1. When the range B:60-91 is examined, which residues are found to be within 14 Å of chain A (Cβ to nearest Cβ) and within 30 Å of A:ALA97 (Cβ to Cβ)?
2. Being part of a helix (DSSP H, G or I) and either farther than 22 Å from B:CYS44 by Cα or away from chain B (no Cβ under 13 Å) (or both) is the filter here, so list the residues in the range A:108-120 that pass it.
3. I'd like the full set of residues that are crowded, with 21+ Cβ neighbours inside 10 Å, closer than 30 Å to A:ALA42 by Cβ and touching a Leu at 6+ places or on another chain (Cβ under 9 Å), limited to the range B:43-91.
4. Cβ-Cβ under 7 Å, sequence separation 6+ or interchain: first residue in the range B:37-59 and farther than 19 Å from A:ASN106 by Cα, partner of a type in the set (D, E, K, R) and surrounded by 14 or more Cβ atoms within 10 Å (Cβ to Cβ). Which pairs?
5. Return the residues of the range B:92-107 that are polar (S, T, N, Q), more than 7 Å from chain A (Cβ to nearest Cβ) and surrounded by 24 or more Cβ atoms within 10 Å (Cβ to Cβ); say none if nothing qualifies.
6. Regarding A:LEU73, is this residue modelled with pLDDT under 85 and under 22 Å from A:THR21 (Cα atoms)?
7. With the structure loaded, tell me whether A:LEU149 is in a helix (DSSP H, G or I) and over 21 Å from the mean Cα position of the chain (by Cα) or whether it fails that test.
8. So which residues in the range B:106-142 are within 14 Å of B:ASP87 (Cα to Cα) and free of Cβ contacts under 8 Å to residues at least 60 places away in the same chain?
Number of protein chains: 2
Amino acid sequence: MDELPGSLGTSASLALRFGQTIFSTAALLFMCLDVEFYSYTAFCYLVTVMGLVVPWSMTLVIVDAYSVFVRCLHHQPRIITIIILGDLALSYLSLAAACTTASTANLLLYLDGSYCPAKLCTRYQLSAAMAFLSWFLSLGSSLFNLWLLPSL
Amino acid sequence: MDELPGSLGTSASLALRFGQTIFSTAALLFMCLDVEFYSYTAFCYLVTVMGLVVPWSMTLVIVDAYSVFVRCLHHQPRIITIIILGDLALSYLSLAAACTTASTANLLLYLDGSYCPAKLCTRYQLSAAMAFLSWFLSLGSSLFNLWLLPSL
């Protein structure tokens, strides 16, 4: 089972999934603890996408933790394929969300302070940075699993 | 050679690459025929990325056209791997560029007409739409080639 670090069921995969959960939750919290996010479509989109990434990563954290600490799971090509497709789709969505949020926040800050106080805009930027990190880890997971697929 | 439509050297691949070339050139032209694009980082980024996508797609159009019309090329796993990696990297870059451009153009239009006359902003939006189409075709190419790789 431990033949490829980073693929489903290994401790490296557990670390990647854990990072995804942390970063996507952080992105969601930075955006949502403020009430004004729904005035811009880009921010609503980030919240929607992160609302998809959080349960996905949490589920896979549980699967990996079970496989690492309790009982090694058998790899099934069909399940790995579904996980790869889900990861790829979510990584594209979260990259898009991170880019739109980053550019919107930067533009609001650059154009005029009145649209967005500096303190609020910094939080939007932090949220975008967290979404970028979540995308990066999600891409890593999908590539590791993709590498494993032909050998199954 | 024609075992999988859409993989390197087939006529479907030629059509995909041709579409990529057209859409990325259109995105570049919509953005560059105007002189003011360098006042926003997002637009400069789109121009940079499309400046990478255009020569990449053109090279692969030539390779595919040679393979379809002149002489069937032999698939080499190493070359296919390089093409898949290049396609994936460029598809992520062009998605990011399209998203940032779309959100910036929409926000400029939404905030105030003075930042960007409606006619100019429509051109920015068209450029973003072309970049999205180019991303979509590029993703298709990379997935078709990825599907081919394990059988080599």
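1. B:THR81, B:ILE84, B:LEU85, B:ASP87, B:LEU88, B:ALA89, B:LEU90, B:SER91
2. A:GLY113, A:SER114, A:TYR115, A:ALA118, A:LYS119, A:LEU120
3. Of everything in the range B:43-91, those that are crowded, with 21+ Cβ neighbours inside 10 Å, closer than 30 Å to A:ALA42 by Cβ and touching a Leu at 6+ places or on another chain (Cβ under 9 Å) turn out to be B:LEU46, B:VAL49, B:MET50, B:VAL53, B:SER57, B:ASP87, B:LEU90, B:SER91.
4. B:SER57/B:ARG17
5. Taking the range B:92-107 first, the residues polar (S, T, N, Q) are B:94, B:100-101, B:103-104, B:106.
From what's left, more than 7 Å from chain A (Cβ to nearest Cβ): B:94, B:101, B:106.
Listed by number, the residues that qualify are B:SER94, B:THR101.
6. So A:LEU73 passes the test.
7. yes
8. B:TRP135, B:PHE136, B:LEU139, B:SER142
The values are calculated or read from the model by the stated rules, or taken from the named source; none is laboratory data. On a predicted model such as this, the values are computed, not experimentally measured, just so you know. Note that we place each Cβ from the backbone using ideal geometry, even for glycine, and neighbour counts take in every protein chain shown.
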